[in-house]
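All remarks here apply to the structure that follows.
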């Protein structure tokens, strides 16, 4: 699984103020949500947790093993988030937690009214490109990798919940919750199409476009011609693509090329210049500049991590 964007950590509690060393809970209640910060300072197994509302959880520090839907557990790490439906029991293990290596996780419980009003607004004003599709939180796509947009809005909600003291705090949180839900559904849509574009290509125009991009990512792609492959007008194609996925087609192609370049760079024997052109970039200087902007490392610096 790729590494997601880490969230800003929350200041740890003074150990003398803890009620428990396992899932010590601090809560911040707003009108349409409740932010909970959990900290664990010792190894533990089979710790149960449940909420009455849909919850977005995000790891800040350390490692958990999460068990959901009576399935095998999975490692849960910083850079990742998990959606948990109402009244679903989370069974959690803490295999590495200790006083000098605590786990820290947030759980943002969101009211059903807030979710429903946001979804209704999206379906009314920004309908999906395929008439049979509707905006919704897909509980089957529950383990998410944080992209920059999702990480930014979660960080904002944490700051509003913990640090904001203005009278309009609930208004700010309500606006941020709407954006969070949009980013969340866009992230789910991308993960769905990443896993199923070949199967969906014959019945969904965006899946067909994504398949074309992936099959031709090493070549020069005519961005202006993509709308024709979707049988849409140019303006409608670019607008609806960004609405559904959160990225423009150009940004999507760029991210696909960066992802492919990372795969090539895992081989310490391949030259950066080769990687540039094998990943579909036309300019070495542009490749180096954009790779560093997206990853924080030059291609060579990234490659040296695997030597």
Test: residue in the stretch 275-292 that is in contact with a helix residue (DSSP H, G or I) (Cβ under 7 Å, 6 or more places away or on another chain), without any contact (Cβ under 8 Å) to a residue 40 or more places away in the chain and farther than 25 Å from residue 147 by Cα:
yes
May I ask you to verify whether residue 140 is part of a loop (DSSP other than H, G, I, E, B) and out of contact with any helix residue (DSSP H, G or I) (no Cβ under 8 Å at 6 or more places or on another chain)?
yes
Could you pull out every one of the helices (runs of 4 or more DSSP H) wholly within the stretch 143-237 that has 1 or more residues that are exposed (fewer than 13 other Cβ atoms within 10 Å of the Cβ) and under 24 Å from the mean Cα position of the chain (by Cα)?
148-163, 169-200
Just wondering, is there one or more residues in the stretch 77-84 that are more than 29 Å from residue 207 (Cα to Cα) and in contact (Cβ under 8 Å) with a residue 24 or more places away in the chain?
yes
Can you report the number of residues in the stretch 243-277 which are closer than 29 Å to residue 205 by Cβ and surrounded by fewer than 16 Cβ atoms within 10 Å (Cβ to Cβ)?
6
Every residue from the stretch 25-43 that is more than 21 Å from residue 160 (Cα to Cα) and buried (at least 18 other Cβ atoms within 10 Å of the Cβ)
40, 41
Is it fair to say residue 65 is under 30 Å from residue 255 (Cβ atoms), out of contact with any helix residue (DSSP H, G or I) (no Cβ under 8 Å at 6 or more places or on another chain) and not in a loop (DSSP other than H, G, I, E, B)?
yes
Would you check if residue 74 is crowded, with 19+ Cβ neighbours inside 10 Å, assigned by TED's automatic domain parsing to the domain that holds residue 25 and touching a residue at least 24 places away in the same chain (Cβ under 8 Å)?
no
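The values are calculated or read from the model by the stated rules, or taken from the named source; none is laboratory data. Note that this is a predicted model, so its numbers are computed, not measured. FYI the Cβ positions are ideal-geometry reconstructions off the backbone, even for glycines, and counts take in every protein chain you see.
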